[in-house]
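Have a look at the structure below, then the notes.
The values are calculated or read from the model by the stated rules, or taken from the named source; none is laboratory data. Small disclaimer: the values here were computed from a predicted structure and weren't measured. Counting neighbours? That spans all protein chains shown, and the Cβs are built from the backbone with ideal geometry, glycine included. The area values use the complete protein model at the heavy-atom level, side chains included, leaving out ligands, DNA and RNA. Shrake-Rupley method; radii C 1.70, N 1.55, O 1.52, S 1.80 Å.
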Amino acid sequence: MIEKTEMIDRLVLPIALLALLGGLYDTGRLLGFGLGSQDPVQLFSISGFALLGSFAIARIFAAVGMWIRSNWGTPLLFATTLVELVVFLFAIADLDIGFLGFGFRLVQLAGSLFILFILYRAWHSSRHS
């Protein structure tokens, strides 16, 4: 049987890599890569540009935190992704993440939630044994 720490190690690094790639991809879009001659601020609007930028920076920080196995990396990724999906789904601001980006964020949300669940169960079992 796989121990909980091994399971966490097998999950954290791929989720951190996905978060890093997603953050770098969004940062590249904000810098105008792949947009041709379009201005990213006009394309995303000022609020969408600011929100996408803050989510990209938070996602990169979360990926680094997860990679170094800190205790703030996974909760930061979970909170950032959850807030971003709420903003997107309820159309609070116009975020252009697309269908693939939405699925990508769902994988990050599910992965970070699963990691947090395993950590909670490990903490709970160690406290009550």
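Table for the structure above
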read-out	value
Long-range neighbours under 9 Å by Cβ, at least six apart or interchain, first residue outside any helix (DSSP H, G or I) within the range 33-54, second at pLDDT below 90 and open to solvent by 60 Å² or more (accessible area, probe 1.4 Å)	35/43; 45/94
Scan of the range 9-40 for residues that are in contact with a helix residue (DSSP H, G or I) (Cβ under 6 Å, 6 or more places away or on another chain) and among the polar types (S, T, N, Q), ordered by number	27
Test: residue 79 is buried (at least 17 other Cβ atoms within 10 Å of the Cβ), assigned to a helix (DSSP H, G or I) and within 10 Å of the chain's Cα centre (by Cα)	no
Count of the range 88-109 residues which are among the β-branched types (Val, Ile, Thr) and in contact (Cβ under 8 Å) with a residue 60 or more places away in the chain	1
Unique match (being open to solvent by less than 90 Å² (accessible area, probe 1.4 Å) and more than 18 Å from residue 120 (Cα to Cα)) among 21, 30	30
Residues satisfying the stated conditions in the range 61-76, i.e. in contact with a Leu (Cβ under 9 Å, 6 or more places away or on another chain) and either surrounded by 20 or more Cβ atoms within 10 Å (Cβ to Cβ) or farther than 25 Å from residue 120 by Cβ (or both)	62, 63, 66, 74
Flag if residue 58 is open to solvent by less than 40 Å² (accessible area, probe 1.4 Å), of a type outside the set (Asp, Glu) and out of contact with any strand residue (DSSP E or B) (no Cβ under 9 Å at 6 or more places or on another chain)	yes
Number of the condition not met by residue 68 [criteria: (1) over 15 Å from residue 24 (Cβ atoms); (2) touching a residue at least 40 places away in the same chain (Cβ under 8 Å)]	(2)
Test set (1) in contact with a Ser or Thr (Cβ under 9 Å, 6 or more places away or on another chain); (2) within 19 Å of residue 95 (Cα to Cα) - residue 15 fails condition number	(2)
Test: residue in the range 97-110 that is open to solvent by 70 Å² or more (accessible area, probe 1.4 Å), within 21 Å of residue 44 (Cβ to Cβ) and not in a helix (DSSP H, G or I)	no
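Residues checked against (1) of a type in the set (A, V, I, L, M); (2) closer than 13 Å to residue 8 by Cβ:
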| position | (1), (2) |
| --- | --- |
| 62 | yes, no |
| 88 | no, no |
| 100 | yes, no |
| 104 | no, no |
| 115 | yes, yes |
| 124 | no, no |
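Matching residues to (1) basic (Lys, Arg); (2) over 14 Å from the mean Cα position of the chain (by Cα):
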site: 22; (1), (2): no, no
site: 27; (1), (2): no, no
site: 36; (1), (2): no, yes
site: 64; (1), (2): no, no
site: 86; (1), (2): no, no
site: 103; (1), (2): no, no
site: 121; (1), (2): yes, yes
